[in-house]
Structures are given as C-alpha cells and as structure tokens.
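Everything below concerns the one structure shown next.
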Amino acid sequence: MRVLVFGAGAIGSVLGGFLAEAGHDVTLLGRAWHLDVVQRDGLRVSGLWGEHHIRPTAVATAVEQTPPGPYDWVFVCVKAHQTAAAALELPRLLGPSTNVCAFQNGLGNYETLSAHIPRERIALGRVIFGVELTPGHARVTVCADDVVIGAPPGGAGEPVVRRLVEALRTSGIPCRAAPDILTVLWSKVLYNCALNGLATLFDVPYGRLPELPGARRLMEAVVREAYQAAAAGGIRLEPSTATACLEWLFTRLIPDTAAHRPSMLRDIEAGKPTEIDALNGAVVRLADAHGIPAAANALVTRLVHAKEQFVRAGR
C-alpha cells in the first residue's frame, strides 16, 4: 500500500511510521524542523507501543517534493485551521483510485474536504491516543481507545475502509471500523471540548480537572450544552444522554488519559493558533443556529483566544 501522510506531525508520524515499519510505502509530508531530522536519522517512535526506529520511504517538506503517485491513501493529519489550505492542494495528489482519510480533531473538516474532493473518496478517522513530538521523535503517551475509521454517508466504500483498518491493525496500531463514524467523531469532539480548552487555560494535565470543583462544573456545562445543540441539529450522539457521557468521561476516558497535557497548550506556547474554533467554537455556532444558549462553550472559546493573544503579545 502506498500512503502519503499530509501533515506528518505527532499523530501523522505515528500512523505513517507504523505502516512504514510494516513494509508499506509511506511518504511523510510535514515541517522541516521535524522531518529534516527524520531524513537524517530516521523516525523514532517510543512510549506505550514500544521502541521503534523507522525509515519511511520518503519525506517531504513541500507538496512539490513528494514522490509522484499514484497513492492508495492520503492521510490528512493537519490542524483544523489548516484544512482549507490542505484541501486546495489535495486534488493534484489524487490518482484515479486514491482515497483520503482525515485523522483530525473538531467539526467542519469533512465539509471543507468534500468541497474539493469527491465524497466517495473520503473516509474519516477518530484518533484518541496522545503523542508528544520532538524533532525526529514521537512518543505515544496515552491511549483511551482504538483508532476508529469509517465512511460518512456517500463516502469511501466499506471494503476499502476495512482494508485500511486491517493494514493499521496489523502494523501494531489498535484499530477498528465503525458504520456510523460521524457519531464516533462527535464523541471525540465532546471529549476535546470538555478537556482541551480548560486544561490549556489552567495549565494542568487532564486528570487534574475533575479534582477542581469549578473546572468540573464547567466541564459538565460544556457537555450538556453540546448535547442540547446536537439534539437541535438532529445529530445522534453516543452515549445517548449527557449524563451518560459525563459518567463515561469521568470514569473511563479521563483516567485513561490523566497524565496527558493538551497539544492546544503547546500550540499556544509556540505562538500558533489553536483548534478551539473547531471544538467549543463549533458547538457555539451550532447552538446559535438553533437559537439556544451555549454560554460555557462560548466562555471557554473566548478565554482560549484571549490566552493566545496574551502569549503572542509577550513574545
């Protein structure tokens, strides 16, 4: 299988790296600060899934440097605010049978991609493992569940998706297929909305948040507002109620990722924009569209933007 990882940062490096180690033809496309080291020394992956030293087939820091196709898959692993720019580049990378799988946080990525790529070529992936990235080294720190891949309505066919799932699974990445990937992605959005912004604002790992009564109340309000907005938009969520979701969050997901610090905080510290508008901000937009309040999500969104501005002003 030939794979191009478009946005080989933390998640993309692990996905592409494991596939390359398993014998697939993998090109990593990403930032020079990371991939120049990979080009010279190889990619090191460590942490929960063991120690690996991997030589991808090729690395590139610009689209023009990527080896000619055709590729079987292009993985889109860029940040949500970079999706529109990536979508403009993708059509020239696609061969007649190339499919695209987006492994991204937040809402709106699929809609942006499908404006430039035929829907029948698109699959979506839910990633809920955490990675700390330094030049040439991706360390898997936490994992709350399998990678889940599926096709949205009208998207890539089930046999194509299942072949990708099998390739990832046999490479060593826990992975499974899901028939209702949009519901699965919303579950990740709920997790991110409850945790990322608040852990960024308070500068704590996820496991500290429920210990702080004020933070816990905000988390509960964020999740309940998201359920109200989704219900107004006719979106099916799983678990089916906010109460069940909060129970799952506090008893399963947070304990499994308690030590993780959000990549959103690292983005702010580096002076980069965050994905808050594709997370809590997206919940606010959906709520606004249906005339219902989402005050907690709006507060988190505004405060994260304020922190972005303060950090940039101090650089």
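The values are calculated or read from the model by the stated rules, or taken from the named source; none is laboratory data. Here the structure is a predicted model, which is why all the values come from computation and not from measurement. Every residue, glycine among them, receives a Cβ derived from its backbone with ideal geometry; neighbour counts consider all protein chains shown.
Below, the figures for the structure above:
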{"item": "Residue in segment 177-193 that is at pLDDT 95 or above and either under 20 Å from Trp49 (Cα atoms) or among the acidic types (Asp, Glu) (or both) present", "result": "no"}
{"item": "Unique match (being within 25 Å of Ile173 (Cα to Cα) and surrounded by fewer than 21 Cβ atoms within 10 Å (Cβ to Cβ)) among Glu51, Glu111", "result": "Glu51"}
{"item": "Filtered residues of segment 148-181 (kept if touching a residue at least 60 places away in the same chain (Cβ under 8 Å) and among the aliphatic types (A, V, I, L, M))", "result": "Val160, Leu164, Ala167, Leu168, Ile173"}
{"item": "Hits in segment 245-266 - residues which are part of a helix (DSSP H, G or I) and under 16 Å from Cys193 (Cβ atoms)", "result": "Cys245, Leu246, Trp248, Leu249, Phe250, Leu253, Ile254, Ser263, Met264, Leu265"}
{"item": "Strands (runs of 3 or more DSSP E) within segment 51-117 that include 1 or more residues among the aromatic types (Phe, Trp, Tyr) and under 21 Å from Pro153 (Cα atoms)", "result": "73-76, 99-103"}
{"item": "Boolean, Ala123 is in a helix (DSSP H, G or I), touching a Phe, Trp or Tyr at 6+ places or on another chain (Cβ under 9 Å) and not acidic (Asp, Glu)", "result": "no"}
{"item": "Residue among Gln39, Gln104 that alone is in the same structural domain as Gly136 (by TED's automatic domain parsing), more than 23 Å from Pro174 (Cβ to Cβ) and not basic (Lys, Arg)", "result": "Gln39"}
{"item": "Segments classed as strands (runs of 3 or more DSSP E), wholly inside segment 1-47, with at least 2 members that are at pLDDT 95 or above and in contact with a His (Cβ under 9 Å, 6 or more places away or on another chain)", "result": "2-6, 43-47"}
{"item": "Segment 79-90: number of residues that are surrounded by fewer than 19 Cβ atoms within 10 Å (Cβ to Cβ) and either in the same structural domain as Pro255 (by TED's automatic domain parsing) or modelled with pLDDT of 95 or more (or both)", "result": "5"}
{"item": "Unique residue being more than 19 Å from the chain's Cα centre (by Cα) and either in a loop (DSSP other than H, G, I, E, B) or charged (D, E, K, R) (or both) when the list is Arg162, Arg139", "result": "Arg162"}
{"item": "Condition met for Leu198 (aliphatic (A, V, I, L, M) and either in contact with a helix residue (DSSP H, G or I) (Cβ under 7 Å, 6 or more places away or on another chain) or without any contact (Cβ under 8 Å) to a residue 40 or more places away in the chain (or both))", "result": "yes"}
{"item": "Val204 being assigned by TED's automatic domain parsing to the domain that holds Asp256, in contact with a Gly (Cβ under 9 Å, 6 or more places away or on another chain), among the hydrophobic types (A, V, I, L, M, F, W, C) and within 20 Å of Met264 (Cα to Cα)", "result": "no"}
{"item": "Candidates Val142, Val76, filtered to the one that is surrounded by fewer than 22 Cβ atoms within 10 Å (Cβ to Cβ), under 26 Å from Val283 (Cβ atoms) and in contact with a Gly (Cβ under 7 Å, 6 or more places away or on another chain)", "result": "Val142"}
{"item": "Among the candidates Leu168, Leu164, Leu201, residue that is at pLDDT 95 or above and touching a Pro at 6+ places or on another chain (Cβ under 9 Å)", "result": "Leu168"}
{"item": "Candidate set from segment 178-216 (those that are in a loop (DSSP other than H, G, I, E, B) and among the hydrophobic types (A, V, I, L, M, F, W, C)); member that is surrounded by the fewest Cβ atoms within 10 Å (Cβ to Cβ)", "result": "Leu212"}
{"item": "Contacts under 7 angstrom Cβ, first residue in segment 54-75 being closer than 14 Å to Ala86 by Cα, partner charged (D, E, K, R) and not in a strand (DSSP E or B), 6 or more apart", "result": "Thr61/Arg31; Val63/Glu89"}
